[in-house]
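Below is one structure; the comments refer to it alone.
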Amino acid sequence: MAAGTLVGFIMDPPRSICAFAGGIVPCEGLGTYGEVSHNVCNFGQWLNTGSTQLATEFGKTDAPAEQSTIRALFLAPLVRELAQNGVEIDGFLRHYGLSMTQLTSLYERVPLRHFVAIAEEAAARLDQPFLGLELGRNFSFADLGPFYAMLLLAKDLRTAVASLVRYESAWQTNTTMALVRGKETSTCRYCIQDPTIWPRRQDAEFALASVTTFIRQLTSKRWRPVAVEFEHDVKGRAGALNQFFKAPIRGNQELNMLVIANEDLDQPLRWRLKPSEGDVTPILERHLMELLATPGESGKTFAARVGSLIAKRLGHTPVTIGAVAAEMNMSVRSLRRHLTEEGTSFRQLLQQHRRAMIETILRCEGARLSNLASRLNYSDSAVLSRAFKTWTGVSPRQYARSLKS
């Protein structure tokens, strides 16, 4: 688990990418693992860092994909639980290439694959099938370290949840977390982008239970979501999950999500710090983001950084230069100037990612251009087709047929 990165506010929460092909699609790179399709939030991984990884997806380079990681602070509750049940920790961790020495720093990066596997093995070894749920139930503000201040400074619940979402990429890489607003409800969505990290039931239940625990601490112990969805099968588990969430539980869904009433999110928090000297939020945010800066982030080109943000948003929320500039803490004018100096533009980068996503979707049988056009913010499928033909010299349908020949 972790809780935070991409915040998108759009009307009517969209279905996932796989809805383009009418459901679970047998398609290379968009596979089914276990009982449900996990192509739902993987475009952020495939289109993660600009042209190099775009080329990787289409076989133009052999550059290795970035390893998914999570901060050690989220492993600490698991290690404590194992130790309290008599498990010899060093030996247990050694199996995953880890040691207690590595975990002395809460901000040490641990392979996300190992964290998820450790959670699954711990649940089995301790005979605690709801270990992730219980750890989430007991997760506290103190476990977040200095981040708790950002929650307490929030003016309302929506702002607090958005803070969790914003810091997701600092806590846990290659993971999608978004707060998406609809007419009456919003959805807080969580999904690991790497489909090969599976099973991950404990992680998903830990993630949503932790967010629910935070909301209850900020509002009321009686708070409940409108509904809860999990990507894994909940057969035989729905009763225990319902007892905690106090809401309808659905499994085998496209991703993990809490459905939250907008009237709940827009309520002022009952517990909130009141700084006597102005708004300290910008200062805290700067300290926290510098503390947890991704290694090498400062060395990235502006084009690569913008490409990463486009990849995270595309297909989920509207992608505008204003939104990207705001997330990079700069003006639109400054961002345009930096991209021009690097020989590119926001429009060019957006078109690269659109093209890559369209080509990937067209590999799937039954992909509907009308759905794809609306998802990528084209006015209609004809506009999309013209753009695609300009890039490739062929129409989308011709391209799809060429893949079968």
Next item on the list: Looking at (1) crowded, with 16+ Cβ neighbours inside 10 Å; (2) out of contact with any Phe, Trp or Tyr (no Cβ under 6 Å at 6 or more places or on another chain); (3) modelled with pLDDT of 95 or more, find the lone condition where Gln243 falls short.
Entry: (1)
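Can you give me the number of residues within segment 154-176 that are assigned to a strand (DSSP E or B) and within 19 Å of the chain's Cα centre (by Cα)?
Looking only at that region, the number is 3.
So which residues in segment 231-254 are polar (S, T, N, Q) and under 16 Å from Gly136 (Cα atoms)? Before you say what the answer is, go through the steps one by one.
In the first step, residues of segment 231-254 are kept if they are polar (S, T, N, Q); the result is 242-243, 252-253.
Listed by number, the residues that qualify are Asn242, Gln243.
Please determine whether any residue of segment 183-204 is in a helix (DSSP H, G or I) and in contact with a Phe, Trp or Tyr (Cβ under 7 Å, 6 or more places away or on another chain).
Just the residues of segment 183-204 that are in a helix (DSSP H, G or I), to begin with: 201-204.
Retained after the next criterion (residues that are in contact with a Phe, Trp or Tyr (Cβ under 7 Å, 6 or more places away or on another chain)): 204.
The answer is yes; a qualifying residue exists.
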Margin query: Pairs needed: first member in segment 84-112, polar (S, T, N, Q); second member anywhere, assigned to a strand (DSSP E or B) and surrounded by 12 or more Cβ atoms within 10 Å (Cβ to Cβ); C-beta distance under 8 Å; at least 6 residues apart or different chains.
Written below: Gln102/Val110
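Select, from Leu98, Leu82, the only residue that is more than 22 Å from the chain's Cα centre (by Cα), over 30 Å from Ile361 (Cα atoms), outside any helix (DSSP H, G or I) and at pLDDT 80 or above.
On the way: Leu82 fails: outside any helix (DSSP H, G or I).
Only one candidate passes the filter, namely Leu98.
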Checklist line | Any hit, segment 142-153, residues being hydroxyl-bearing (Ser, Thr, Tyr), in a helix (DSSP H, G or I), surrounded by fewer than 21 Cβ atoms within 10 Å (Cβ to Cβ) and out of contact with any strand residue (DSSP E or B) (no Cβ under 8 Å at 6 or more places or on another chain) | finding: yes
Notebook entry, point to check: Does segment 101-120 hold any residues that are more than 19 Å from the chain's Cα centre (by Cα), part of a helix (DSSP H, G or I) and over 11 Å from Leu78 (Cβ atoms), and which are they?
Noted result: Gln102, Thr104
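Out of Ile215, Ile192, I need the residue that is free of Cβ contacts under 8 Å to residues at least 60 places away in the same chain and crowded, with 23+ Cβ neighbours inside 10 Å. Which one? Before you say what the answer is, go through the steps one by one.
Working: Ile192 fails: free of Cβ contacts under 8 Å to residues at least 60 places away in the same chain.
Among Ile215, Ile192, only Ile215 is free of Cβ contacts under 8 Å to residues at least 60 places away in the same chain and crowded, with 23+ Cβ neighbours inside 10 Å.
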Note to self: Pull out all pairs, ordered by first then second residue, where Cβ-Cβ is under 8 Å, the residues are six or more apart or on different chains, the first lies in segment 225-240 and is in contact (Cβ under 8 Å) with a residue 12 or more places away in the chain, and the second is among the basic types (Lys, Arg) and not in a loop (DSSP other than H, G, I, E, B).
What the structure shows: Ala227/Arg250; Val228/Arg250; Glu229/Arg250; Phe230/Arg201; Phe230/Arg250; His232/Arg201; Val234/Arg250
Next item on the list: Considering each residue of segment 310-325, count those that are surrounded by fewer than 20 Cβ atoms within 10 Å (Cβ to Cβ), at pLDDT below 85 and assigned to a helix (DSSP H, G or I), and give that number.
Entry: 0
Next item on the list: Quick one: Val228 ticks every box in (1) modelled with pLDDT of 95 or more; (2) in contact with a Leu (Cβ under 7 Å, 6 or more places away or on another chain); (3) surrounded by fewer than 19 Cβ atoms within 10 Å (Cβ to Cβ); (4) β-branched (Val, Ile, Thr) except a single one, so which number is it?
Entry: (3)
Check: Looking at (1) assigned to a loop (DSSP other than H, G, I, E, B); (2) touching a Pro at 6+ places or on another chain (Cβ under 9 Å), which is the only condition Ala123 fails?
Finding: (1)
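The values are calculated or read from the model by the stated rules, or taken from the named source; none is laboratory data. Quantities reported herein were computed from a predicted structural model and do not represent experimental measurements. All Cβ positions, glycine included, derive from the backbone under ideal geometry; neighbour counts span all protein chains shown.
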